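First comes the structure, then the notes that go with it.
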Amino acid sequence: MARRSVLECLLAFCLFITGSLAELETDASSVIHLSHSLGSRALESRGQINVKSLKSGSVNIQQDSSYDWKDYKESAEANEFYRLEAQVKYNGIERTFLTSTKACLLFESQLADIVTIHVDLLGNIYGVSVATPHNQQCTGNVPEFDPTFNTTVLISYMEHGPVPDVAMFVQKVEQEKVAKERGETKDNRSFIAKYWMYIVPLVLVFMMSGASNPEQPAR
């Protein structure tokens, strides 16, 4: 009875945790202010992302580039990084996230980038990252283009990890308990698998005895 009570409490606790997580999920609107820089330059304003709903993925972005085509070209040729700072205001909390990509990748994609908003199981934003569709090695062959960002905003939701099947475990324990009480359990292991803990010490004793009493050489 004691074992069953413990197992039933464990199952109830897991169900309680799952239910609590679902109740804590929120979907408040948020604003993400974007700043960016090329190489070692100071950060400059890039715009902002307005998140209306994280659950539905409803967002809009307002932005423009503060650098011209030559700036991106020079950073690409110098193998510098493009840095993006995202200041998130969400549920009355402000957080700042830093992310980067190689300037040449952004340059050769002609400022087409992907900004991903990472959301945890509770509906909180825990990260912002930038990437480009151009993920190969830079070639340097890019025609002149209008330096205006063409940004895709994605929302990445954290997935639930594997949940232990507590009900199946409880059922298996109960079946083993009933079978043991009825004497239905059988041990089909070999002789060595059953009694290895007795055999191994005996073998070690014989080996040690042989090593301590070597045979005397014939005269």
Using the Karplus curve 6.51 cos²θ - 1.76 cosθ + 1.60 with θ = phi - 60°, work out ³J(HN,Hα) for each residue of the stretch 49-55 in order, rounded to whole Hz, and write x for Gly and Pro. 10, 9, 9, 7, 8, 6, 5
With θ set to phi - 60° and the Karplus curve 6.51 cos²θ - 1.76 cosθ + 1.60, what are the ³J(HN,Hα) couplings of the stretch 69-78 in order, to the nearest whole Hz, using x for Gly and Pro? 4, 5, 4, 5, 5, 5, 5, 5, 5, 7
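Tally Lys/Arg at +1 and Asp/Glu at -1 over every other residue whose Cβ is under 10 Å from the Cβ of GLN87; what's the total? Don't skip to the end; give the middle numbers.
Numbers: positive: LYS89, ARG95; negative: GLU85, GLU94.
Cβ neighbours under 10 Å give a net charge of 0.
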Measuring from label point to label point, each 7 Å out along Cα→Cβ, what is the LEU121 to LYS177 span in nm? 2.8 nm
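Taking only protein heavy atoms into account and a 1.4 Å probe, give the accessible area per residue of the stretch 83-129 in Å².
Values: 1910 Å² over 47 residues.
Ligands and nucleic acids excluded, the result is 41 Å² per residue.
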What residues qualify as long-range amide H neighbours of ILE155, i.e. H under 5 Å apart, gap of 5 or more or another chain, H built at 1.01 Å from N? ILE117
For TYR126, distant residues with modelled amide H under 5 Å away: HIS118, VAL119, ASP120
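Ranked from highest to lowest mean number of other Cβ atoms within 10 Å per residue, what is the order of the peptides 142-154, 103-115, 29-41?
Working: 142-154: 13.1, 103-115: 21.0, 29-41: 17.5.
The most tightly packed comes first, giving 103-115, 29-41, 142-154.
In the stretch 87-161, carbon and sulfur make up what percent of the accessible area (probe 1.4 Å)? Mind showing how you got there, number by number?
Details: 1950 of 4140 Å².
Here carbon and sulfur together make up 47 percent of the probe-accessible area.
The values are calculated or read from the model by the stated rules, or taken from the named source; none is laboratory data. Fair warning: this is a prediction, and the values are worked out from it, not measured in the lab. Quick reminder, even Gly has a Cβ in these numbers, built from the backbone with ideal geometry, and neighbours come from all protein chains shown. These area figures cover heavy atoms from the full protein model, side chains too; ligands, DNA and RNA do not enter into them. Shrake-Rupley method; radii C 1.70, N 1.55, O 1.52, S 1.80 Å.
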